[in-house]
Amino acid sequence: MRTLVLGRTPARVTAVLATLRADGFDAQGVSTDEEALTLLRTGEFGVLIIGGGVGPASRSAIRAFAAEHKVRRVIDGALREPFDTYVRNEFEPLIREAASQG
């Protein structure tokens with residue numbers, strides 16, 4: 001199941017992607033709403049992770065758009081260190097759950 005990570009801090013997006021990919025997940029990351037909307041429009045992403053730095057208006061609009069484009073699960077995330085442990089404990093189980101419901 002493809003996962004899209006939207007986060008305002010590129011270094012954090014990179015850290016999340018590194019862990020997800022190392023653990024065998026198909027993930028892509030972006031830092032702007034426009035990039036996220038373009039990718040979500042493809043209908044290829046089943047999970048969307050929205051970082052804590054994404055403001056309420058953007059978060060709401062992206063969530064609504066994702067619901068219309070085959071996204072099964074939206075995960076609200078606010079990373080805590082160590083990032084790899086957080087990703088493994090908080091994000092990966094939810095991605096697996098969404099994939100198993102397919």
Inset, instruction - Search segment 79-102 for residues that are free of Cβ contacts under 8 Å to residues at least 40 places away in the same chain and farther than 12 Å from residue 20 by Cβ and pair each with any residue that is open to solvent by 60 Å² or more (accessible area, probe 1.4 Å) and part of a helix (DSSP H, G or I) when their beta-carbon atoms are under 9 Å apart and the residues are at least 6 apart or on different chains. - result: 80/90
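Residue-by-condition table, conditions (1) open to solvent by 80 Å² or more (accessible area, probe 1.4 Å); (2) under 20 Å from residue 11 (Cα atoms):
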site: 41; (1), (2): yes, no
site: 46; (1), (2): no, no
site: 63; (1), (2): yes, no
site: 73; (1), (2): no, no
site: 91; (1), (2): no, yes
Inset, instruction - Tell me, please, whether a residue that is β-branched (Val, Ile, Thr), crowded, with 19+ Cβ neighbours inside 10 Å, in a helix (DSSP H, G or I) and without any contact (Cβ under 8 Å) to a residue 40 or more places away in the chain can be found in segment 8-22. - result: yes
Legend entry - Given (1) out of contact with any Ser or Thr (no Cβ under 6 Å at 6 or more places or on another chain); (2) acidic (Asp, Glu); (3) open to solvent by less than 50 Å² (accessible area, probe 1.4 Å), index of the condition residue 33 fails: (1)
Legend entry - Criterion violated by residue 79 - all others in (1) aliphatic (A, V, I, L, M); (2) modelled with pLDDT of 95 or more; (3) surrounded by 15 or more Cβ atoms within 10 Å (Cβ to Cβ) satisfied: (2)
Inset, instruction - Consider residue 37 carefully, then state whether it is in a helix (DSSP H, G or I) and within 17 Å of residue 3 (Cβ to Cβ). - result: yes
Legend entry - Where a residue in segment 25-42 is over 17 Å from residue 61 (Cα atoms) and among the hydrophobic types (A, V, I, L, M, F, W, C) and its partner, wherever it lies, is open to solvent by 70 Å² or more (accessible area, probe 1.4 Å) and not in a loop (DSSP other than H, G, I, E, B), with Cβ under 8 Å and at least six apart: 27/21
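The values are calculated or read from the model by the stated rules, or taken from the named source; none is laboratory data. For clarity, every value in this text was computed on a predicted model and none was experimentally measured. FYI the Cβ positions are ideal-geometry reconstructions off the backbone, even for glycines, and counts take in every protein chain you see. Surface accessibility is based on the protein's heavy atoms, side chains included, excluding ligands, DNA and RNA. Shrake-Rupley method; radii C 1.70, N 1.55, O 1.52, S 1.80 Å.
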